[in-house]
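Just so it is clear, none of the values below were taken in a lab; they were calculated from the coordinates. Here the structure is a predicted model, which is why all the values come from computation and not from measurement. Neighbour counts are summed over all protein chains in view; Cβ atoms, including those assigned to glycine, are modelled from backbone coordinates with ideal geometry.
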Amino acid sequence: MYLYLANNPRTLILATSPSEERIGKPRRALVFRAGVNSTQAVVEFLPKDEVDLSSAVRLTQRGIKGCLGMISVENDLFLAVVASATEVGNTRPSETTPEVVARIQEVAFYSLTSSLWDDVDSGSNVDLSERDYNNPQAYEHPCAPLSKILSSGTFYYAVDSQWDLSTRLTRRLARDPKDSKDVGAYDEKFVWNEYIARSLLDFRERLDPHEHDDFDRCHFIILTIQGYVGVFSMALPAPPTNGAPTIATLSLISRLGWKRAGTRFNTRGVDDDGNCANFVETETLFSTDQHCTSYVQARGSVPVFWEQQGLQTFGQRIQITRPHASQPAFERHFAHLTEEYGPTHAINLLGTKENEAILSSAYDRHLSIARAGLGDELSITHFDFHAQVRIGGHDSVMRELRRVEAITDHVDSFGFTMCDASSNDLITSQRGIFRTNCLDCLDRTNFVQDILSRTTLEQYLMLIRREWIHSSPLWLHHRELWAENGDALSRIYAGTGALNTSYTRSGKRTLAGVFSDATKSVSRAYINNFQDKAKQASIDMFLGNMSSQRQVTIFDPIHDSVRAALDKRLPEYSHTKRCVIYVGTWNLNGRPPSESLLPWLFPRDSFDPDMFVLGFQEIVPLTAQQIVQTDPEKRRIWETQIIETLNRRPKKKSDYVLLRSEQLVGTALLILVKTELTAVIRNVEATTRKTGLRGMSGNKGAVGIRLQYHDTTFCFITAHLAAGHANVEERNMDYRTIETGLHFLKGKTILSHDNVIWLADTNYRIDLDNEVVRHLTESDSFDALLAADQLKQVMDAGVAFSGYEEGPLLFRPTYRYDLGTDNYDSSEKMRIPAWTDRVLYRGHQLDLSTYSRAELKGSDHKPVYAVFRPNIRLVDTAKRATLARLLLNSVLHTEPGEKLDDKLALMVLPEDFHSNELPPPSSDEHTWWDTLDLPNGILPISSFTSHPYHYSKNPFDGQSSVDTSVSSSPSSSDEELYSAAVMTPDRLPAVLRKPPPPPPPSFWFAYNV
């Protein structure tokens, strides 16, 4: 196909080529124009004869392979097309429909809104007058970083769109034959351009059946995976019937998940939805004219909350960021795995060195708890790869792995998938999966997965053709595929090829290989520390993860009106609940705990907040040594003291866990929540911003933590601004630096959140004489003091903290006291008392109920606290999907002359509608699991159904595949989830065990239908 450009109005036209039409493709064109803004396009699917190409300019001399989608970048709308690709090979030559894979070599982006970025021949008549050649930055393509990633040679697609590269063979064989050829049937967790292709896929679904068929036959849309695909064909000895060799094809397909995508030091661990970093599904395919065999493995980062901050060299500094709040996400991850693949056996290759040992211990602890819910479906083997190599070399790893009973037993019980090559009839299915990890899930993991792949392939050959086990070409190609796979996945995640691949290729450890690994290690350290942040931003932009991004839509007045109506009717499919958030700030003057914290943390009896947010300043003395290398031990001492205070308080009602803590030299922020809330608080991130010495020193600065509580977002900032009575402008500058420079992942800023709370030592003073301030303080004349308060003045002038509110200051200034007393500073400096310690907030849901100080004497500041009672919103996705369906049907059946807005406003949910969402929360009088049908939540044994997985020692025993109408993906659309809920009966678990913590709403609904 070719891409054309027409003007007046500016239009891009993707049209079939004469050569394609000669082989039977319809004469069709896909026409694109910009809509009313940079995130809307107008798209038409027309017969080619109805499109005037006589005045259009062909933008490339080469043919276009297809379209990846549309994306909005810097207020421009771009169409992404695959300009160049090379075929890798046919993964199943015996299949009637070729399953050919191509590697993308070049992706180009063409603007629908401006001619500034046109890439045409110099002789064309396209208007280039908009270009400003005096400013080189003006015509640097805004999509250049995206094009660089997509053109890196790590993206692949199915040449014939009638087969699905994103889905493993087992699931493709289980599909209904009608769906097996459907372009829209794919595994969305592995389709990387789903975000930019979404509008075109929706457009395709709205075409009538004839146009829908033509659209698919033209192959306009390309769905791409990232990872690796390799194919080798070889001749193997045949039976002595006719002497002709058997042509076998060995393929390796690695599908990298995009839901927690990123680079090595920027993306670690797991997210709140259970998606882990560097998650890869790798499928080994062996195909002959008789059978096709598939064997699937997975790899992924240790699924707890951990990260590596700061400059990373060869000694990895690992921080487990939410040690007491990882369990819900951990269990969601393994719930996904067991739902998708069946029983899961984890192979942990981490070593016993300090950092890896900490991570390995956390992994083992979480898995032991998770087994209470998942039972025998989840197991683990710890295998110290480096220790084994030191003892016996790389040769010994295969030998020792095959001696591990747990691994060999699971190799036998999991088996493999095999189907008849001619009929695609399923002979046997794989019944479980190995999940392998090391620190990066690259070098060691690839080495062990190669061994497991070979072991299982040998099992298959022992059953089919024993003599092929001794085929040198087969194992030579197998080693080469796994070596290339290791290099490809390593380049994606770490920027260089994998280590140990010289051994994988040749079976030998050579001096050249050792030097090559050393060079790669040095290159990784440089790339990961200094280049990967920009790459991470590009990945997030391509996937639509940036907080400021809006997905491109195709002009569709029907669905647009439904979306607008849904936005207006949010209260109908959501509800709010009150929560209590305690916020406290205290400048510690570098002092350790020395007194009870109860008067500060629990200012009244029967006080039981859902969340404690505590900010500290000068948690360590601000010495040069601390500024250069901060000691986290002081923060840990305070964390321990606070947790002990919460656990030993009188009239204790709830348990609390430390959700997240972060430190920048002397500034630290801690968030503790009720234990039962860890499952509904998600997307927790921390970041820091230095402001001392013009941003180079952390003696002054801010720490921020953001989170999502159900469907409401919060951002908490503790800060220590510039000191000095007269340095008001320096404090204002510090505020502006923090407000504009404190960034979270995916482009989120402070103002990206529903609610923002500052708890800080602002250092703003009172502009009155010392004696006047002390006299007014003694007489509690707060109004006179507040009139001279520097912070109040800059807020009124809009110079700093514009848009923020503060509660009434009805307590005495908190700075500065003689240590251990209630007396203001009596030293030589005689500092003027001031309200330096403040709590400021913005957000419609926030309701401040208390703002005061505590009379502690352990520092030269008094601690301040505030209690908020915000409304937390919970969206019922089932209700939303139902309302959306009703609104859509109403629009489609609107009579001529009928007012659409009035009709939509009158549409309501059926009175008998019952959401399948989470049950109402328990109260002191009622628990949600105690019903008339299930007294005390106990299920009779007779209620349980049989488990969907059937085990057979004979791999040739026929089995009925388990058919499910719902994708196991947690990101199915609301309409898909609702339809599946209506059509599919509930399926109960096979055994009575403690269920894992409730996942987020969208996944809970899909998981329980």
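Residues of the stretch 216-255 with the amide nitrogen closer than 17 Å to a label point 7 Å from the Cα of Asp289, along Cα-to-Cβ, please. Counting backbone N atoms under 17 Å from the label point, the list is 233-250.
Applied to the stretch 356-371, the Karplus parametrisation 6.51 cos²θ - 1.76 cosθ + 1.60 on θ = phi - 60° returns per-residue 3J(HN,Hα) values of 5, 5, 4, 5, 5, 5, 5, 4, 5, 5, 5, 5, 4, 5, 5, 5 Hz, with x for Gly and Pro. Label positions at Phe811 and Lys568, each projected 7 Å from the Cα along the C-beta direction, are separated by 4.6 nm.
Between Val772 and Leu207, residue separation times 0.36 nm minus the direct Cα-Cα distance comes to 195.6 nm. Summarising the amide proton neighbourhood of Thr428: residues at separation of 5 or more, or on other chains, whose placed amide H is nearer than 5 Å comprise Met418.
With the simple model of a label 7 Å out from the Cα in the direction of the Cβ, His743 to Ala534 spans 1.3 nm. Distances between placed amide hydrogens fall under 5 Å for Ile347 paired with Thr381, Arg435, Thr436, Asn437, all partners being 5 or more residues away or on another chain. Once backbone amide H atoms are built at 1.01 Å from N, Arg322 has Phe305 as its partners under 5 Å, excluding neighbours fewer than 5 places away on the same chain. Please say if the stretch 260-400 is rounded, prolate or oblate, where rounded means a/c under 1.5 for a ≥ b ≥ c the square roots of the C-alpha gyration tensor eigenvalues, and otherwise the choice is prolate for a/b larger than b/c and oblate otherwise? In terms of gyration-tensor shape, oblate.
The stretch 534-612 gives an Rg/Rh value of 1.25, both radii derived from C-alpha positions and Rh following Kirkwood.
Most tightly packed first, judged by the mean number of other beta-carbon atoms within 10 Å of their residues, the peptides 76-83, 603-610 read 76-83, 603-610. Using the Cβ-Cβ distance between Arg365 and Glu339 with R0 set to 25 Å, the FRET efficiency from 1/(1 + (r/R0)^6) comes to roughly 0.60. Calculated FRET efficiency, Thr246 to His386, Cβ-Cβ distance, R0 = 41 Å: about 0.50 to the nearest 0.05. For the listed peptides 251-257, 556-562, 865-871, a ranking on the average number of other beta carbons within 10 Å per residue, highest first, reads 251-257, 865-871, 556-562. From largest to smallest, the equivalent ellipsoid semi-axes obtained for the stretch 389-455 from the alpha-carbon gyration tensor read 28, 13, 11 Å. Does the stretch 598-651 come out rounded, prolate or oblate, given a ≥ b ≥ c as the square roots of the eigenvalues of its C-alpha gyration tensor, rounded meaning a/c under 1.5 and, failing that, prolate meaning a/b above b/c? Prolate, since a/c reaches 1.5 and a/b exceeds b/c. Computed about its Cα centre, the charge dipole of the stretch 611-736 is approximately 260 debye, with only Lys, Arg, Asp and Glu carrying charge at their Cβ. The spread of Cα positions in the stretch 605-686, taken along each principal axis and listed from longest to shortest, comes to 43, 30, 16 Å. Extension gain, Ser781-Ala235: 0.36 nm per intervening residue step, less the Cα-Cα distance, totals 187.0 nm. For the stretch 313-383, the dipole from Cβ point charges (+1 on Lys and Arg, -1 on Asp and Glu) about the Cα centre works out to 320 debye, to the nearest 20. Shape class of the stretch 636-777 from the Cα gyration tensor (axes a ≥ b ≥ c, square roots of the eigenvalues): oblate, since a/c reaches 1.5 or more and a/b does not exceed b/c. Dipole magnitude for the stretch 398-485: computed about the Cα centre from +1 point charges on Lys and Arg Cβ and -1 point charges on Asp and Glu Cβ, it is near 180 debye.
The modelled label-to-label distance between Asp176 and Glu676, using points 7 Å beyond Cα along the C-beta direction, is 4.2 nm.
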